[in-house]
């Protein structure tokens, strides 16, 4: 991990702890107002913290060496980001704000759909997406996309480590924003 990644991961961990402490401090008020909202808050924070562990593991250890291990870890990493994003969206709903997806938030979501979510039916069935097994490494993956409507093929060399880092910057901003919104 480089210095920027270490700092960002520490910031995210601290921001999540700040939100958790705010939850603990305001538990009685939250339960009194809405037990459902209290549980959404708890569940969302748990999802953010748990998925953080998967993302931190990736930054510290990479994907491994064997093809099956790489697929399993990459798919799990991308899915943990989706879980985290869904939790952020739910936290914004609690304060009656519709989260507006930022570019890295959407980009990493699209990559996950192409690589591990719906590779045979990406873009509502318009794209077939597949990876070349030998292209998966700790930072990059090659994705080949076949557009069924245009009958054309394209490839992309994706630096998902950079995409994840950009997404984490957006996550950090969201966590700070949610803390402010819930502190009032």
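Since every read-out is calculated from the coordinates, none of them should be taken as a lab result. A quick note: this is a predicted structure, and the numbers were derived from the prediction, not measured. For neighbour counting, all protein chains shown are included, and Cβ atoms are generated from backbone atoms with ideal geometry for every residue, glycine included.
Sketch the reach of a paramagnetic label on residue 28 as a point 7 Å from Cα along Cα-to-Cβ, and name the residues of the range 165-184 whose backbone nitrogen lies under 20 Å away. Counting backbone N atoms under 20 Å from the label point, the list is 183-184. Taking only the Cα atoms of the range 1-82, the ratio Rg/Rh comes out at 1.11, with Rh defined as the Kirkwood radius. With R₀ fixed at 22 Å, the C-beta to C-beta distance from residue 159 to residue 13 puts the FRET efficiency at about 0.35.
If the segment from residue 134 to residue 53 were pulled out straight at 0.36 nm per residue, it would be longer than the present Cα-Cα gap by 26.5 nm. A convex hull fitted around the alpha carbon atoms of the range 67-114 yields 58 Å³ per residue. Result for the chain in a Gaussian network model with C-alpha springs under 10 Å: among 133, 161, 109, the largest mean-square fluctuation is at 133. Sorting 143, 162 by the number of Cβ atoms found within 10 Å of their own Cβ, with the fewest placed first, yields 162, 143. A Förster radius of 30 Å, combined with the Cβ-Cβ distance separating residue 83 from residue 20, puts the computed FRET efficiency at roughly 0.95.
Let me make sure I get this right: for the range 34-140, a, b and c are the square roots of the gyration tensor eigenvalues over alpha carbons, sorted descending. Under 1.5 in a/c it's rounded, otherwise prolate if a/b > b/c, else oblate. Which is it? Taking the square roots of the gyration eigenvalues as a ≥ b ≥ c, the range 34-140 is oblate.
From the Cα trace of the chain, what convex hull volume per residue do you get, rounded to a whole Å³? Cα-based convex hull of the chain, divided per residue, equals 119 Å³. In a fully extended conformation the segment linking residue 106 and residue 169 would gain 21.4 nm over its present Cα-Cα distance, using 0.36 nm per residue. Fully extending the segment from residue 46 to residue 95 would add 15.8 nm, taking 0.36 nm per residue of separation and subtracting the current Cα-Cα distance.
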